[in-house]
Amino acid sequence: MDTAWNFAAGPAVLPPEVLAQAREALSDFNGSGQSVLELPFTGPQFREIIATAEADLRKLLAIPGDYAVLFLQGGASAQFSLVPLNLLGEADHADYVETGYWSRKCIAEAQRFCAVNVAASSAQTGSDRVPNPGGWNVTAGAAYTHITGNETADGVEYPWTPVRLRTPLVADMTSSFLTRPLDVADFGLIYASAQKNIGPAGLTIVVVRRDLLGREQPGIPAVFSYRRQAEAGSMLNTPPTFAVYLAGLAFKWIAAQGGLEAMEERSLRKSAMLYRAIDGSGGFFRCPVLREFRSRVNVCFRLADGLLTDRFVEEAREAGLLNLKGHSKVGGLRASLYNAMPEEGVAALVAFMDDFARRHA
Ligand SMILES: *Cc1c(COP(=O)(O)O)cnc(C)c1O
């Protein structure tokens, strides 16, 4: 295949420059005679890798000093349990906003550890929006309010950050992390798996306000305690060293591209190009999400004739447009436009869609 464009939801496309650097470091890290995979995590070389990655991430997001940055394992799915286990304190419940597949998974997991108040849900309208915060039933005494910043499977994204809640805002930002600037001070805690927008699977980033540390439930495993990992610089045990290294390269790549403002501009241009093709197809393609809440990152759409879906995916694959099948529980089609997807790739997809529509209309 001459050129292949990877629209996978995760693990997903990475910048070629980052992969080239990683390739070199795999055989010889900085002329040390060792692969980056072989560096002991307690040694000076890895300590510098993780310290630089943290400093670069702090700079990208302008993370205030009263927030800790943790490099953990277990994925966002582990945080579904670890958030209540670490933040519940004396409270007996937490508020959750349900906007699609991932928030439902998150709520189901949290219910194993605390009472969950679903403060708002868009299930009745088929997960096509973010419920208006004015109508959220947030409760006094909740430990926190949890949102899913971007619903990767449904293609629904918060166009704003809900503020003026009475409890700390906790956000699963897995699929939109580092795609636009955000004001970290609006949040108590942000978490994101790395394999959507940053690097390889195996790393989960947690940014947490330090005054929320120390509310963990008794008996929590040490490696899952945010407080203990913060005290240990995320090195209570062996961190995912290669994933941290690669994330560090990705942070430098984003900065070199112009930072989060540049990532946001690009994501707006790319997603607008694709939504325009969908909306302009005369009903051949359609996007079920209300315009205001359409994701810039995971564009979910359908064919009016659902029977053509597999054919679309197969013909696209033959044309070098990979991994366009929608999430297995949602169906339809999905194009993930993460930071490393160039506009050229989206233009190729749009050209293919026009051609497919002409041939099958
Ligand atoms: C992919 C994803 C997850 C799950 O991530 P894992 O690393 O597989 O646990 C959770 N939330 C969102 C929003 C996601 O996109």
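Where a number appears in this text, it was derived from the coordinates with a stated rule and is not lab data. Source: prediction; values computed, not measured. Cβ placement follows ideal geometry from the backbone for every residue including glycine, while neighbour counts extend to all protein chains displayed.
Under the condition of being of a type in the set (Phe, Trp, Tyr) and touching a Cys at 6+ places or on another chain (Cβ under 8 Å), which residue from the stretch 78-111 is farthest from Ser328 (Cα to Cα)?
Tyr96
Those residues that are near the ligand (Cβ under 10 Å from one of its atoms), of a type outside the set (S, T, N, Q) and out of contact with any Lys or Arg (no Cβ under 8 Å at 6 or more places or on another chain), I need them from the stretch 71-94; list them, please.
Hits for the stretch 71-94 are Gly74, Gly75, Ala76, Ala78.
Condition first: more than 9 Å from the ligand (Cβ to nearest atom) and touching a helix residue (DSSP H, G or I) at 6+ places or on another chain (Cβ under 6 Å). Now tell me which residues in the stretch 192-201 satisfy that.
Ile198, Gly199, Pro200
Please return the ranges of helices (runs of 4 or more DSSP H) entirely within the stretch 33-117 where 3 or more residues are buried (at least 17 other Cβ atoms within 10 Å of the Cβ) and of a type in the set (D, E, K, R). Give the steps one after another, and end with the answer.
Values: elements: 44-61, 75-87, 101-110.
Helices (runs of 4 or more DSSP H) meeting the threshold: 44-61, 101-110.
Condition check: within 15 Å of the chain's Cα centre (by Cα) and either of a type in the set (A, V, I, L, M, F, W, C) or within 15 Å of the ligand (Cβ to nearest atom) (or both). Does Ile220 satisfy that?
Considered against the rule, which asks whether it is within 15 Å of the chain's Cα centre (by Cα) and either of a type in the set (A, V, I, L, M, F, W, C) or within 15 Å of the ligand (Cβ to nearest atom) (or both), Ile220 comes out as no.
Does the stretch 141-183 hold any residues that are farther than 18 Å from His93 by Cα, more than 10 Å from the ligand (Cβ to nearest atom) and β-branched (Val, Ile, Thr), and which are they?
Val156, Thr161, Val163, Thr179 - these are the residues of the stretch 141-183 that are farther than 18 Å from His93 by Cα, more than 10 Å from the ligand (Cβ to nearest atom) and β-branched (Val, Ile, Thr).
Within the stretch 125-207, which strands (runs of 3 or more DSSP E) (wholly inside it) include 1 or more residues that are more than 30 Å from Phe242 (Cβ to Cβ) and touching a Leu at 6+ places or on another chain (Cβ under 9 Å)?
Ranges flagged: 145-148, 169-172.
Only one residue in Leu246, Leu260, Leu268 is part of a helix (DSSP H, G or I), within 16 Å of the ligand (Cβ to nearest atom) and out of contact with any strand residue (DSSP E or B) (no Cβ under 8 Å at 6 or more places or on another chain). Which one?
Unique residue meeting the criteria: Leu246.
When you go through (1) at negative phi; (2) within 16 Å of the ligand (Cβ to nearest atom) one by one for Gly65, which number turns out not to apply?
(2)
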